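Asker: One structure, pasted below without further comment.
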Amino acid sequence: MKKECKQILCIMGFMLIGALLGYVVASEQYALLADPEFLRSLAEHNLQVPEPITYLHAILGFIFLFAGIPTGVIIYCHFADKWLNSSAPKVIIAIIIFPIYMMFGVICALPILIYKLFVLIKCRGREP
């Protein structure tokens, strides 16, 4: 049960960091597009003014991006413990395949978080 609790806290911590960074990025973009000097420099180079990203999209995007990091590590550790025996292939495979596990973690971050919470609650119900 300790392992599930640590994994949940790690994923939620990365989600919180992602939410803060998403907010900072969106607010910085809005501030940049409100700057007349920046708009003038875009016009000088014949560039279009980009449409700003909304706060919701920036925050959600960064939440899932950052939640994918620990989720990918959790998924990799799960598969590595079951299928790989020596430590040398684990390191090589981790370095080569980690971006794939991270993208898989981005997709599965929310379902894995819900599953881990369910397991944690289910285990607590059995304890005296």
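The values are calculated or read from the model by the stated rules, or taken from the named source; none is laboratory data. If you're wondering where the values come from, they're calculated on a predicted model, not measured in any experiment. Cβ atoms come from the backbone with ideal geometry, glycine included; neighbour counts cover every protein chain shown. For accessibility, only protein heavy atoms count, side chains too; no ligands or nucleic acids. Shrake-Rupley method; radii C 1.70, N 1.55, O 1.52, S 1.80 Å.
Asker: Within the range 44-58, how many residues are under 23 Å from residue 111 (Cβ atoms) and open to solvent by 70 Å² or more (accessible area, probe 1.4 Å)?
Answerer: Looking only at that region, the number is 2.
Asker: Select, from 53, 97, 17, the only residue that is modelled with pLDDT of 80 or more, under 19 Å from the mean Cα position of the chain (by Cα), hydrophobic (A, V, I, L, M, F, W, C) and assigned to a helix (DSSP H, G or I).
Answerer: 17
Asker: A follow-up question, please. Can you tell me which residue within the range 70-89, out of those that are open to solvent by 50 Å² or more (accessible area, probe 1.4 Å) and modelled with pLDDT of 75 or more, is nearest to residue 110 (Cα to Cα)?
Answerer: 73
Asker: Okay, moving on. Can you find even one residue in the range 33-43 that is open to solvent by 70 Å² or more (accessible area, probe 1.4 Å) and within 22 Å of residue 6 (Cβ to Cβ)?
Answerer: Looking through the range 33-43, none of the residues is open to solvent by 70 Å² or more (accessible area, probe 1.4 Å) and within 22 Å of residue 6 (Cβ to Cβ).
Asker: Within the range 1-9, is there a residue that is at pLDDT 90 or above, open to solvent by less than 50 Å² (accessible area, probe 1.4 Å), assigned to a helix (DSSP H, G or I) and not aromatic (Phe, Trp, Tyr)?
Answerer: no
Asker: So which of 92, 63 is closer than 27 Å to residue 107 by Cβ, of a type in the set (A, V, I, L, M, F, W, C), open to solvent by less than 60 Å² (accessible area, probe 1.4 Å) and part of a helix (DSSP H, G or I)?
Answerer: One residue alone meets the criteria, 63.
Asker: Using beta carbons and a limit of 9 Å, which pairs, at least six apart or on different chains, have the first residue in the range 39-66 and touching a residue at least 24 places away in the same chain (Cβ under 8 Å) and farther than 21 Å from residue 103 by Cβ and the second one open to solvent by 60 Å² or more (accessible area, probe 1.4 Å) and assigned to a helix (DSSP H, G or I)?
Answerer: 52/30; 52/32; 55/23; 55/30
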